[in-house]
1. Scan the stretch 42-57 for residues that are more than 16 Å from residue 73 (Cβ to Cβ) and not in a strand (DSSP E or B) and jot them down.
2. Residue by residue through the stretch 31-41, note down the ones that are surrounded by 14 or more Cβ atoms within 10 Å (Cβ to Cβ) and either part of a strand (DSSP E or B) or at pLDDT 95 or above (or both).
3. Given the conditions (1) without any contact (Cβ under 8 Å) to a residue 12 or more places away in the chain; (2) surrounded by 15 or more Cβ atoms within 10 Å (Cβ to Cβ), report the number of the one that residue 64 does not fulfil.
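The values are calculated or read from the model by the stated rules, or taken from the named source; none is laboratory data. None of the values given here were measured: they were computed from a predicted structure. No Cβ is skipped: glycine too gets one built from the backbone with ideal geometry, and neighbour counts run over all protein chains shown.
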C-alpha cells in the first residue's frame, strides 16, 4: 500500500483579517468586571451568552459584545436581555 504524501506547496494558508474602519476613531468599548449572563434574540429564538463589553456603534446604536461558545459577536443592545 502506498503512503500518502503531501506536497509542501499544497498546504493552504488562510488569512484572517479584522474589518478596518476607514474614517474616524474606533468606538471605545467598556467592559464589565466579570462577564454577565445574557440572552440574545437571534432568528426569533433566545440564545444564552455572556456580555463582555459595550460600545456605541458607527450608526450611533448601542451594541453589546457577546461571547457564545468562544465566539465573540457585536449585537444590537435591543436584542439583548439579562438572564
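1. Our first condition is that a residue be more than 16 Å from residue 73 (Cβ to Cβ); within the stretch 42-57, this holds for 44, 56.
Answer for the stretch 42-57, where residues must be more than 16 Å from residue 73 (Cβ to Cβ) and not in a strand (DSSP E or B): just 44.
2. Going residue by residue through the stretch 31-41, those that are surrounded by 14 or more Cβ atoms within 10 Å (Cβ to Cβ) are 35-36, 38-41.
Residues satisfying the conditions are 36, 38, 39, 40, 41.
3. (1)
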